[in-house]
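Asker: Structure incoming, see below.
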Amino acid sequence: MHWTYDGDTGQDAWGGLSDDFAACSSGNAQSPIDLPAHAAETTPEHLRVTAEPTEAESVDTGHTVQLVPEGAGSAVEWEGLDHDLAQVHFHAPSEHTVDGEALAAEFHLVHTTAAGDTLVVGVLAQEGPEQNAAWQPFVEGAEAPGTDGLALDVEAMLPADPTFETYLGSLTTPPCTEGVRWVVYTTPVELSADQLAVLEEASHGHNARTTQPEGDRHPAGGTVVLAH
């Protein structure tokens, strides 16, 4: 089913485009949401990241560019479950906001379990003075979809500050499936103006869903543990 971010098939209409998309309008735990600058609660859970060298191919989905691992790669552990990196994509501007403010871009590192559970690591991005070498392979893939052999250093791609905010939400694109664990880094990475310009060009105008009601969900803070 064709969908867009604006117009007759835009995000306000997603829920009515297909029965499979019903959660986009009827769900009560949708993403993205507005995050507080500092979470009021903390979680006892740590996100354990095993950052393995990962090679990927870039694919233009028509809504974003995603990098898909060409073999085994990085993984995360949450609540004792292992989640493998399935793909990395971006949104420009950011989908999650912080105290009501959007950032220049947001990367989603989508992880899944063998049983089909989904955990998304969100990395916010803002403009900085220098090219970000760790994210340059992704930028190159966004500039030239179809490129393979792109080397992803996931550990280097993550912010140095290990703090995050976590909550249960949904996919931010149709079918807007709920039950997705979100772990969003508190500190953004910095990309150069040129790198962000490439992402903006590859976003097909813009590809950010507006923030959804938080409801009774309250993001909790935690810290990432890196393993090798």
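The values are calculated or read from the model by the stated rules, or taken from the named source; none is laboratory data. Everything numeric in this text was worked out from a predicted model, so none of it was measured. A quick note on method: Cβ atoms are made from the backbone with ideal geometry, for glycine too, and the neighbour counts reach across all protein chains shown. The protein model used for the area step is the full one, side chains on, heavy atoms only, and it has no ligands, DNA or RNA in it. Shrake-Rupley method; radii C 1.70, N 1.55, O 1.52, S 1.80 Å.
Asker: Distance in nm between label sites at THR9 and GLU101, each 7 Å beyond Cα in the beta-carbon direction?
Answerer: Computed distance between label sites THR9 and GLU101 equals 3.6 nm.
Asker: To continue, here is another question. Which shape class, rounded, prolate or oblate, goes with segment 30-141 when its Cα gyration tensor gives a ≥ b ≥ c as root eigenvalues, a/c under 1.5 marks rounded, and past that a/b bigger than b/c marks prolate?
Answerer: On the way: a/c = 1.64, a/b = 1.04, b/c = 1.58.
Oblate is the answer for segment 30-141, as a/c is 1.5 or above yet b/c matches or exceeds a/b.
Asker: By accessible area of protein heavy atoms, probe 1.4 Å, what ranking do ARG181, ARG217, ARG48 get, highest first? Kindly include the intermediate steps, with their values, before the conclusion.
Answerer: Values: ARG181 50, ARG217 30, ARG48 105 Å².
These residues rank, largest area first, as ARG48, ARG181, ARG217.
Asker: Going from most exposed to least, what order do GLU140, GLU178 have by accessible area with a 1.4 Å probe? Don't jump to the answer; show the numbers that get you there.
Answerer: Values: GLU140 90, GLU178 65 Å².
Largest to smallest exposure gives the sequence GLU140, GLU178.
Asker: Separate question: Ordered by packing density, taken as the mean number of other Cβ atoms within 10 Å over each peptide's residues, highest first, how do 131-138, 18-25 rank?
Answerer: Values: 131-138: 18.4, 18-25: 16.6.
The packing order, highest mean first, is 131-138, 18-25.
Asker: Which of ALA193, HIS206, PRO174 sits closest to the plus end of the dipole of segment 109-228, meaning its Cα is farthest towards the positive end, when Lys and Arg get +1 and Asp and Glu get -1 on the C-beta?
Answerer: So the residue furthest toward the plus end is PRO174.
Asker: With Cβ to Cβ distances under 10 Å as the rule, what net charge do the other residues near LEU191 carry (K, R +1; D, E -1)? Write out the running numbers ahead of the final one.
Answerer: Numbers: positive: none; negative: GLU127, GLU130, GLU190, ASP194.
Around LEU191, the charge tally is -4.
Asker: Looking at the chain as a GNM with Cα springs under 10 Å, which of ALA92, ALA105, ALA151 has the largest mean-square fluctuation?
Answerer: Of the options given, ALA151 has the highest mean-square fluctuation.
Asker: Given a cut-off of under 8 Å on Cα pairs at least six residues apart, what relative contact order in percent is computed for segment 155-228?
Answerer: Values: 73 pairs, mean separation 30.8, N = 74.
Rounded, it is 42 percent for segment 155-228.
Asker: Under the rule a/c < 1.5 gives rounded, and otherwise a/b versus b/c splits prolate from oblate, where does segment 129-228 land using the Cα gyration tensor?
Answerer: Cα axes put segment 129-228 in the oblate bin.
Asker: Oh, and also: Please state the shape class of segment 141-185: rounded when a/c is under 1.5, otherwise prolate if a/b exceeds b/c and oblate if not, all from the C-alpha gyration tensor. Kindly include the intermediate steps, with their values, before the conclusion.
Answerer: Details: a/c = 3.50, a/b = 1.26, b/c = 2.77.
It is oblate, given that a/c is not under 1.5 and a/b is not larger than b/c.
Asker: May I pose another question? Rounded to the nearest 20 Debye, what is the dipole magnitude of segment 71-180 about its Cα centre when Lys and Arg each give +1 and Asp and Glu each give -1 at the C-beta? Walk me through the intermediate numbers first.
Answerer: Values: 0 positive and 19 negative charges, 48 e Å.
Charge dipole, segment 71-180, about its Cα centre: 240 debye, nearest 20.
Asker: What size of dipole, in debye to the nearest 20, comes out for the chain about its Cα centre when the only charges are +1 on Lys and Arg C-beta atoms and -1 on Asp and Glu C-beta atoms?
Answerer: On the way: 4 positive and 38 negative charges, 78 e Å.
In debye, rounded to 20, the chain gives about 380.
Asker: Let me ask you something else. With a cut-off of 8 Å between alpha carbons and a minimum separation of six or more residues, what is the relative contact order of the chain in percent?
Answerer: Working: 574 pairs, mean separation 66.4, N = 228.
Taking the mean separation of contacting Cα pairs over the length of the chain, I get 29 percent.
Asker: Counting only helical runs of four or more DSSP H residues, what would the 222 nm mean residue ellipticity of the chain come to if each run contributes -39,500 (n - 2.57) and the total is spread over all its residues?
Answerer: Details: 5 runs with 30 residues, N = 228.
Computed mean residue ellipticity for the chain: -3000 deg cm²/dmol.
Asker: As a test of reading the structure, rank MET1, MET157 by solvent-accessible area (1.4 Å probe, protein chains only), most first. Numbers along the way, then the final one.
Answerer: Details: MET1 140, MET157 5 Å².
Ranking MET1, MET157 by accessible area, largest first, yields MET1, MET157.
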